[in-house]
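Only one structure is covered here, and it is reproduced in the block below.
Just so you know, all these numbers are worked out from the coordinates, no wet-lab data involved. Worth saying up front: this structure is predicted, and the values here are computed from it rather than measured. Every residue, glycine among them, receives a Cβ derived from its backbone with ideal geometry; neighbour counts consider all protein chains shown.
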Amino acid sequence: MGLTWEHSLLQIHWVRKVSETTNYIATNKVVQDSKTTLGVSMHENNSTRPCLFLVYKPQSIRLARDAYIAAAAINCITMFPAIILNVLLMRAMSRSPALRKPPTLLLYSVSASDLLLGLIVQPGYLAKKVGELTDNFHIYCKSAMLTYVVGNSLTAVSLLNLTAIAIDRYLVVTSGIHYPSKVTKCRLFVIIAFIWTFAISIALGQIVIKRFLVLLSTAIIILICVITSTLCYTKAMYTIKRQQTLMNAATRNNARTERYRKSIVTMVTVFIIFILSYTPFCVSVVMVAAMGESAKSWSAEALCSVIAFTNACVNPLILFWRIREIRNAGRQLLAGLSLHTGRAEESHSESMGGMSRVCMPAKTSTGV
């Protein structure tokens, strides 16, 4: 009987030990599995993921968070003025009879590219920053493709249009009476169509071509445009000064020459500010290509991008300030809008007054 009791106690003790060992092994396995799962998720959150020709690095994005927030805020401030000012500019140019000339088509093209930048690129850039700050790769990738492809296309359109304007200003000064036959509306339509097609092709090329080759070709195009514009404006200003020296007695010719000079100075100002706006961004892109992806380079690129976007606001302001015909047409347009708004408010108040008179109960006379 005693042996049986001792044997039962040993069995109970052995079962208890086996149960404790099993629980310990199961607990360790759960802990190890949870650590493995956590490690995998952390690895996925910190992993570098490609998005076509771009690279998504969450760790670098976290280090550049402050710069990204500042860039997004500046982008929101400049986005709506870019849209409003360029719509107003295009409406003002269409209302001015003095601007219904073939060269004005080039200004329309520049303004259209700035307007599309405010309508498409800047909202896409804001979505890109939201995707980066919230660690949403899908939003980042889609908005980044939109921002880079469309943004590069519109930037190339603006640069090529400004170069075409420089060539046009050179021709208007040097061609004399032959200028209308050289610069026609049909030819300018063809040139503008070629500019947009070429710019879009260059921007789409970075998807299938190596980024280094795209940067190299872009640098060559920028260099050609800058040299061409500089030579055209320099030659045009030299020709104007020579004409002013030879035509001191002809007041009418001097007035026309002065008008040409003012037009050239205006477009030189637009071109220089465009180059100054995009130079920091170009430097940041070259720095990223040379030094690699890092938080500092991404911070610089983010801030330089919004500096470039502000050019879409500055261009219409310069044209309103420097070109009298555009300024007068803009004033008339704003005056017409304010007059229309005033009449609408007046008619609304009159209609509300009429309704109140109709709805007012009639007074009944009572006999005394």
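With the condition kept exactly as written, say whether any residue in segment 181-199 is under 30 Å from A64 (Cβ atoms) and either free of Cβ contacts under 8 Å to residues at least 60 places away in the same chain or surrounded by 21 or more Cβ atoms within 10 Å (Cβ to Cβ) (or both).
So the first thing to find is which residues in segment 181-199 are under 30 Å from A64 (Cβ atoms), and the list is 199.
Applying the additional criterion that residues be either free of Cβ contacts under 8 Å to residues at least 60 places away in the same chain or surrounded by 21 or more Cβ atoms within 10 Å (Cβ to Cβ) (or both) yields 199.
Among the residues of segment 181-199, at least one is under 30 Å from A64 (Cβ atoms) and either free of Cβ contacts under 8 Å to residues at least 60 places away in the same chain or surrounded by 21 or more Cβ atoms within 10 Å (Cβ to Cβ) (or both), which makes the answer yes.
Is there a residue being under 16 Å from I195 (Cα atoms), of a type in the set (D, E, K, R) and either surrounded by 23 or more Cβ atoms within 10 Å (Cβ to Cβ) or in contact (Cβ under 8 Å) with a residue 40 or more places away in the chain (or both) anywhere in segment 114-132?
Narrowing segment 114-132 to residues under 16 Å from I195 (Cα atoms): 114, 116.
Okay, now just the ones that are also of a type in the set (D, E, K, R), so 114.
This time we only want the ones that are either surrounded by 23 or more Cβ atoms within 10 Å (Cβ to Cβ) or in contact (Cβ under 8 Å) with a residue 40 or more places away in the chain (or both), so: 114.
Checked segment 114-132: at least one residue is under 16 Å from I195 (Cα atoms), of a type in the set (D, E, K, R) and either surrounded by 23 or more Cβ atoms within 10 Å (Cβ to Cβ) or in contact (Cβ under 8 Å) with a residue 40 or more places away in the chain (or both).
Which ones in segment 85-104 are surrounded by 18 or more Cβ atoms within 10 Å (Cβ to Cβ) and either out of contact with any Pro (no Cβ under 8 Å at 6 or more places or on another chain) or more than 25 Å from T155 (Cβ to Cβ) (or both)? Spell out how you get there, then give the answer.
As a first pass, look at segment 85-104 and keep what is surrounded by 18 or more Cβ atoms within 10 Å (Cβ to Cβ): 85-86, 88-89, 92-93, 96, 103-104.
A92, M93, S96, P103, T104, listed by residue number.
All conditions in (1) surrounded by 16 or more Cβ atoms within 10 Å (Cβ to Cβ); (2) under 23 Å from A156 (Cα atoms); (3) among the hydroxyl-bearing types (S, T, Y) hold for T279, with the sole exception of (1). Within segment 200-217, if we keep just the residues that are of a type outside the set (A, V, I, L, M) and in contact (Cβ under 8 Å) with a residue 40 or more places away in the chain, the residue that is surrounded by the fewest Cβ atoms within 10 Å (Cβ to Cβ) turns out to be F212.
State the number of residues belonging to segment 305-326 that are in contact (Cβ under 8 Å) with a residue 24 or more places away in the chain, more than 30 Å from M287 (Cα to Cα) and assigned to a helix (DSSP H, G or I). Even if it seems obvious, please write down each step before you answer.
To start, the set of residues in segment 305-326 that are in contact (Cβ under 8 Å) with a residue 24 or more places away in the chain comprises 305-320, 322-323, 325-326.
Now restrict to residues that are more than 30 Å from M287 (Cα to Cα): 316-320, 322-323, 325-326.
Going one step further and asking which of them are assigned to a helix (DSSP H, G or I), we end up with 316-320, 322, 325-326.
Qualifying residue count, segment 305-326: 8.
Hey, does segment 244-260 have a residue that's of a type in the set (S, T, Y), closer than 23 Å to L154 by Cβ and in a helix (DSSP H, G or I)? The answer is no; no qualifying residue exists. For segment 165-177, the criterion of a residue being within 26 Å of the chain's Cα centre (by Cα) and of a type in the set (G, A, S) is satisfied by at least one position.
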